[in-house]
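Inspection log for the structure reproduced underneath, given as structure tokens.
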Amino acid sequence: MKFGKGVCIINVGGTKYAFPKDVIKDFPLRRVSRLHSCASEREVLEVCDDYDRERNEFFFDRHSEAFGFIMLYVKYGKLRFVPHMCELSFYNEMIYWGLESSHLEFCCQRRLDERMSDTYTHFTEEHHETDDEFRTDASSNGKRDSKWLERMRRTFEEPTSSLAAQILASVSVIFVIVSMVMLCASTLPDWKTAESNTVEEHRYTDSLEHPSGIIEAVCIGWFTAECIVRFIVSRDKCEFVRRPLNIIDLLAITPYYISVTMTVVTGENSQLQRAGVTLRVLRMMRIFWVIKLARHFLGLQTLGLTLKRCYREMVMLMVFICVAMAIFGALAQLLEHGLDLESGNEEYASIPAACWWVIISMTTVGYGDMYPITVPGRVLGGLCVVSGIVLLALPITFIYHSFVQCYHELKFRSARCTRSLSAEFLN
């Protein structure tokens with residue numbers, strides 16, 4: 001902070017807190033720490049509601065009792081709801097000061113998820129700080145990117161940001177569908193026979209002259225151009241490369257160029273090269289293009305965000321299944337084969353084979369390819385099925401609440417973009 005005294009006074013709803021200027025710099029609450037980087041009174045008023053230069057006092061027209069509980073979190077590291085205060089109102093205060101739901105204690109997180117599920121409400125930091133940070137973001141973006149570059153970035157990265165973005169997203173979806181249809185059709189026996197005959201007739205002709213090759217080349221060209229443009233207009237190139245969806249794009253595009261490169265180097269027809277196991281595996285990686293649809297569909301985005309936030313619950317579920325597989329697999333092998341080596345059930349000759357039976361029993365699939373024939377084995381099978389139902393149901397509640405929260409969060413963001421698009425269209 002390049003102005004004021006050495007002691008800063010934070011006035012929140014009439015309750016005052018005094019902090020040294022050095023403490024403000026690394027303050028755990030993001031809105032308060034932003035005061036340190038303010039170089040003028042105008043920038044200060046973008047963060048707080050009012051400022052008294054003589055007393056170096058910053059005014060925030062917020063809930064004082066809620067801020068008191070937030071200060072307890074700053075001091076002791078535990079954040080809980082204010083008694084007799086609406087959970088959504090307190091969450092609103094949290095987001096204003098720069099906290100997230102993950103900072104709450106686990107019991108309070110569950111209360112918040114249930115409340116949001118009941119009211120179909122979700123608050124985001126973007127919702128509360130759009131007006132405050134718009135001018136700051138605009139000025140910083142103006143230094144990094146020109147106006148047209150930012151518009152291009154929004155067009156390619158946010159399908160609901162404009163009419164052009166919606167058209168571009170629709171074209172991209174069409175190319176993905178066409179590519180998937182061609183990939184699936186290429187595995188049909190009749191298609192393979194026709195392709196083999198074509199290769200025999202045109203052994204020295206490149207496959208791009210065939211309709212399937214032309215369609216494949218057009219799709220690859222579109223995806224490549226889209227990926228390159230998105231990389232050029234991205235704000236952070238390193239972050240762009242690390243994103244999972246962009247990695248999937250690269251993995252889906254690369255096999256085609258490997259095939260073309262080998263055609264140029266070896267002079268062989270690319271259709272013949274696909275007979276190799278490695279290239280067949282790489283070519284089949286094009287199925288990952290289906291995941292590109294996650295950019296344009298709320299359901300797939302919700303699923304991905306839910307899996308990301310519930311990775312602990314997913315790991316816990318896998319641990320439950322692995323422990324049950326080890327226990328029931330060993331017991332099944334013992335009861336069905338280990339006690340009578342001569343006339344035992346050969347399908348349970350090993351623990352790994354028994355583990356396969358355990359997993360299809362716990363998930364209640366029951367292919368029927370192997371099953372216990374002894375009375376103790378059947379009793380164990382019943383316990384295995386019941387245990388599987390219970391173990392699989394335990395983490396479902398947490399995953400469900402996270403899914404509902406993610407869905408309303410993404411739906412809220414999509415609605416904001418749609419309203420912005422409508423306003424832009426009307427203006």
Of the residues in the stretch 289-326, those that are over 28 Å from HIS408 (Cβ atoms) and surrounded by 14 or more Cβ atoms within 10 Å (Cβ to Cβ) come to TRP289, PHE320, ILE321, ALA324, MET325
Complete set of residues in the stretch 402-427 that are of a type outside the set (Phe, Trp, Tyr), at pLDDT 60 or above and touching a Leu at 6+ places or on another chain (Cβ under 9 Å) = SER402, GLN405, CYS406, GLU409, LEU410, LYS411, SER414
Looking at (1) at pLDDT below 85; (2) under 30 Å from ARG110 (Cα atoms), which is the one condition that is false for SER89?
-> (1)
From the set of residues in the stretch 350-371 that are among the small types (Gly, Ala, Ser) and open to solvent by 20 Å² or more (accessible area, probe 1.4 Å), which is farthest from VAL385 (Cα to Cα)?
-> SER350
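Residues are listed down the side, and each one gets a yes or a no for (1) at pLDDT 85 or above; (2) part of a loop (DSSP other than H, G, I, E, B):
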{"residue": "VAL32", "(1), (2)": "yes, no"}
{"residue": "LEU35", "(1), (2)": "no, no"}
{"residue": "ARG42", "(1), (2)": "no, no"}
{"residue": "CYS48", "(1), (2)": "yes, yes"}
{"residue": "TYR73", "(1), (2)": "yes, no"}
Return only the number of the condition from (1) within 17 Å of ALA330 (Cβ to Cβ); (2) within 39 Å of the chain's Cα centre (by Cα); (3) part of a helix (DSSP H, G or I) that MET370 does not satisfy.
-> (3)
Would you confirm whether any residue within the stretch 92-103 is assigned to a loop (DSSP other than H, G, I, E, B), in the same structural domain as LEU45 (by the TED database) and either hydroxyl-bearing (Ser, Thr, Tyr) or modelled with pLDDT of 85 or more (or both)?
-> yes
Which residues, counting only those in the stretch 49-85, are under 29 Å from the mean Cα position of the chain (by Cα), in contact (Cβ under 8 Å) with a residue 12 or more places away in the chain and surrounded by fewer than 13 Cβ atoms within 10 Å (Cβ to Cβ)?
-> LYS78
From the set of residues in the stretch 218-237 that are hydrophobic (A, V, I, L, M, F, W, C) and in contact with a Leu (Cβ under 9 Å, 6 or more places away or on another chain), which is nearest to VAL260 (Cα to Cα)?
-> CYS227
If only one of GLU347, GLU342 is buried (at least 17 other Cβ atoms within 10 Å of the Cβ), assigned by the TED database to the domain that holds GLY377 and of a type in the set (D, E, K, R), which one is it?
-> GLU347
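The values are calculated or read from the model by the stated rules, or taken from the named source; none is laboratory data. In this text, all values refer to a predicted model and were calculated from it rather than measured experimentally. A quick note on method: Cβ atoms are made from the backbone with ideal geometry, for glycine too, and the neighbour counts reach across all protein chains shown. Note: accessible area is taken over every heavy atom of the protein model, side chains too, but ligands, DNA and RNA are not part of it. Shrake-Rupley method; radii C 1.70, N 1.55, O 1.52, S 1.80 Å.
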